[in-house]
Amino acid sequence: MKKIIQVRIFKGEKQYVAECLDLPVVTQGKTLDELTENVREAISLHLKGEDLAALDLAEEPLVLVSFELEPLVHAEA
C-alpha cells in the first residue's frame, strides 16, 4: 500500500496548479498558501467515504509535493 500521495505543483497562466499523480484530483490557488489548503481539502473530499485499501492507500497517507520551476536562463558572459 502507498503511504504517500504525490502532488505536482506548477505555475499556470494566472494561478498555481496542483495535480495529484496518484488520484484524479486537480486544484488551483492564487498563492502557495491558498493552494496548500485547496490540495488538502480536495484530497480529503475525494477520499471521503472511500475504502483506502481498495485505492491501494495506507490508512493515513502523507502528501508529498514537488514544485516545478521555470527553466533556468543562462546569462551570456
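Taking interchain pairs and intrachain pairs at least six residues apart, which have beta carbon atoms under 8 angstrom, with the first residue in the stretch 62-73 and closer than 13 Å to Leu32 by Cα and the second among the β-branched types (Val, Ile, Thr)?
Once the first residue is closer than 13 Å to Leu32 by Cα and sits in the stretch 62-73, its partners that are among the β-branched types (Val, Ile, Thr) give Val65/Val7; Val65/Ile9; Val65/Val39; Ser66/Val7; Ser66/Ile9; Phe67/Ile9; Glu68/Ile9.
Got a sec? Which of Leu62, Leu72 is within 15 Å of Lys2 (Cα to Cα) and of a type in the set (A, V, I, L, M, F, W, C)? Give the steps one after another, and end with the answer.
Details: Leu72 fails: within 15 Å of Lys2 (Cα to Cα).
None of the other options fit; the residue is Leu62.
Which ones in the stretch 28-44 are out of contact with any Asp or Glu (no Cβ under 8 Å at 6 or more places or on another chain) and not acidic (Asp, Glu)? I'd like the intermediate steps shown before the answer.
The first filter runs over the stretch 28-44 and keeps only residues out of contact with any Asp or Glu (no Cβ under 8 Å at 6 or more places or on another chain), leaving 28, 30-44.
Passing the criteria: Gln28, Lys30, Thr31, Leu32, Leu35, Thr36, Asn38, Val39, Arg40, Ala42, Ile43, Ser44.
Got a sec? Which strands (runs of 3 or more DSSP E) wholly within the chain have at least 2 residues that are exposed (fewer than 11 other Cβ atoms within 10 Å of the Cβ)? Spell out how you get there, then give the answer.
Values: elements: 2-11, 16-20, 26-29, 57-67.
Filter on the chain gives 57-67.
All of the numbers you see were taken from the coordinates with simple rules; none came from a lab. None of the values given here were measured: they were computed from a predicted structure. Positions of Cβ are generated from backbone atoms using ideal geometry, with glycine treated the same way; all protein chains shown enter the neighbour counts.
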